[in-house]
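S.K.: Okay, here's the structure, questions in a sec.
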Amino acid sequence: MADNENAQQPTEQKAAKIDHVLLEEVLDAIRPSFQADGGDIELIGVDDETGVVTIEMTGACAACMFASSDISEGIDTIIKEHVPGVTAVRPVMY
C-alpha cells in the first residue's frame with residue numbers, strides 16, 4: 001500500500017490546470033479598457049505546467065510606453081486573482 005501512495009505523490013505536486021474558458025472570460029472583462037484607447041489584448045498561449053500566460057498587446061497598446069507596466073502591474077494581478085493556477089502573465093517575445 002505504501003508503494004501506491006508514493007505513486008500518487010507526483011500527481012498531487014503538479015501545478016493546477018488552468019481553466020482556459022475562465023481565462024478568456026477575464027480577458028474579455030478587461031479588454032474594453034484597452035479597446036477604448038485603440039488597442040487590444042490577444043491571448044497567445046498558456047503553459048499549464050508553469051502557469052505562465054503569454055499575451056500580446058495590439059493596436060495602439062503595442063507601441064505604448066506603458067504597455068509593460070500595464071501587463072506587470074495590472075493585467076498580471078487581475079488574472080492571477082481571478083484564474084487559479086496562473087503564476088505569471090508575460091508579453092509575447094519575438
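S.K.: Among the residues of the stretch 31-42, write down those that are surrounded by 16 or more Cβ atoms within 10 Å (Cβ to Cβ) and either in contact with a helix residue (DSSP H, G or I) (Cβ under 6 Å, 6 or more places away or on another chain) or over 14 Å from ILE79 (Cβ atoms) (or both).
M.R.: Those that are surrounded by 16 or more Cβ atoms within 10 Å (Cβ to Cβ) and either in contact with a helix residue (DSSP H, G or I) (Cβ under 6 Å, 6 or more places away or on another chain) or over 14 Å from ILE79 (Cβ atoms) (or both): GLY39, ASP40, ILE41.
S.K.: If I go through the stretch 62-94 residue by residue, how many of them are modelled with pLDDT under 90, hydrophobic (A, V, I, L, M, F, W, C) and either touching a Leu at 6+ places or on another chain (Cβ under 8 Å) or over 17 Å from VAL26 (Cβ atoms) (or both)?
M.R.: 8
S.K.: Give all pairs with beta carbons closer than 9 Å in which a residue from the stretch 57-78 that is on the phi > 0 side of the Ramachandran plot meets a residue that is surrounded by 16 or more Cβ atoms within 10 Å (Cβ to Cβ) and at pLDDT 85 or above; count only pairs at least 6 apart in sequence or on separate chains.
M.R.: Going by the 9 Å Cβ cut-off, the qualifying pairs are GLY59/PHE34; GLY59/GLY39; GLY59/ASP40.
S.K.: If we keep just the residues of the stretch 19-58 that are of a type in the set (S, T, N, Q) and in a strand (DSSP E or B), which is modelled with the lowest pLDDT?
M.R.: Top of the filtered list is THR58.
S.K.: Given the criteria in contact with a Phe, Trp or Tyr (Cβ under 9 Å, 6 or more places away or on another chain), acidic (Asp, Glu) and surrounded by 14 or more Cβ atoms within 10 Å (Cβ to Cβ), does ASP70 qualify?
M.R.: In short, yes.
The values are calculated or read from the model by the stated rules, or taken from the named source; none is laboratory data. Since the model is a prediction, treat every value here as computed from it, not as a measurement. Note: ideal-geometry Cβ built from the backbone for every residue, glycine included; neighbour counts use all protein chains shown.
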